[in-house]
1. Tell me, Ser57, Ser122 in order of fewest to most beta-carbon neighbours within 10 Å?
2. Take Lys145, Lys79 and order them by how many other Cβ atoms sit within 10 Å, fewest up front.
3. At 7 Å along Cα-to-Cβ for each site, give me the label-to-label distance between Lys141 and Glu13 in nm.
4. Given a 10 angstrom Cα cut-off, can you work out which residue in Ala97, Ala129, Ala49 is the most mobile in a GNM of the chain?
5. Okay, helix-only estimate at 222 nm for the chain: each DSSP H run of n ≥ 4 adds -39500 (n - 2.57), divide by all residues, round to 500 deg cm²/dmol; what do you get?
6. Among Trp86, Leu108, Cys30, whose Cα projects farthest towards the positive end of the dipole of the chain, with charges put on the beta-carbon of Lys, Arg (+1) and Asp, Glu (-1)?
7. Could you give the length gained by full extension between Glu39 and Thr2, i.e. 0.36 nm per residue of separation minus their alpha carbon distance, to one decimal place?
8. Would you mind classifying region 85-139 by shape? Square roots of the alpha carbon gyration tensor eigenvalues, ordered a ≥ b ≥ c; an a/c under 1.5 is rounded, otherwise it is prolate if a/b is larger than b/c and oblate if not.
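Values quoted throughout were computed directly from the atomic coordinates according to the rules given, and no laboratory measurement underlies them. Keep in mind that this is a model prediction, so the values were computed, not measured. Backbone-built Cβ (ideal geometry, glycine too); neighbour counts: all protein chains shown.
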Amino acid sequence: MTQAPFWKRKTLEQMTKAEWESLCDGCARCCLNKLEDEETERIYFTDVACKLLDHESCRCKDYKGRLKKVPDCVLLTPKEVREINWLPPTCAYDLLAKGKDLYWWHPLVSGDPDTVHIAGISVRGRVGACESRVPDEELEKWIVKWPGTQPKAAVKPAASNAKKALSAPAPATKKKAKA
C-alpha cells in the first residue's frame, strides 16, 4: 500500500522545512502589492509586483535576502497562514490550513513546475508594473480582481480533459495599460 503524500498526512506544523517550502506552487500572486481598506479591512490586489519578483519565472530574485531588502515581505509560518487575510484562494498553505487538498496543477500533484503557468494560475504575463516604477499613492490605479479569485482552471478538470489542459498553451492575458 502506498503512503499518502506528506501534505495529506501532516499538519503544517509537522512539516519539515523542505516540505513547507515545496508547498509554494510558484504562482507569485502573493508577490503582488495589495491595498487594505482600513475601515472594512477588505483587501484589494494590484497587478504591481514586488521589485524582487522575476515576472517570467514567478520566483524571487533574492529569496534568501528578501526580508532584508523588502520590509513588507512576510515570512510565512503556520501561524501567519491562519491569520493573514490576503493569501490567494489557490494558495496551498491556505488550502491545507483549511483542510482542503491541493489542485491538480500544483507541482507536488502534477510533478511538473510548469502546470501552475499552463493552467493560468500564475502571474506570468499578467504583471502590469514593478513597484519600483509605481508610487504608493498611485497603486489604486492598478487594482485588479483576478489575483483574489479562483480561476476556472483551478478546478480539477475531468480525467479526459487533464491531458488537454496540460498540453495547451497558457491562456492569453491582457496587460493593464498605465493610467
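1. On the way: Ser57 14, Ser122 23.
Exposure proxy ranking, most exposed first: Ser57, Ser122.
2. Details: Lys145 8, Lys79 11.
With the sparsest Cβ surroundings first, the list reads Lys145, Lys79.
3. Using points 7 Å along Cα→Cβ, the separation is 4.7 nm.
4. Ala97
5. Details: 8 runs with 43 residues, N = 179.
Per the formula, -5000 deg cm²/dmol.
6. Most positive-ward Cα: Leu108.
7. Values: separation 37, 0.36 × 37 = 13.32 nm, distance 5.00 nm.
Stretched fully, the Glu39-Thr2 segment lengthens by 8.3 nm.
8. Values: a/c = 3.98, a/b = 1.64, b/c = 2.43.
It comes out oblate by the Cα gyration axes.
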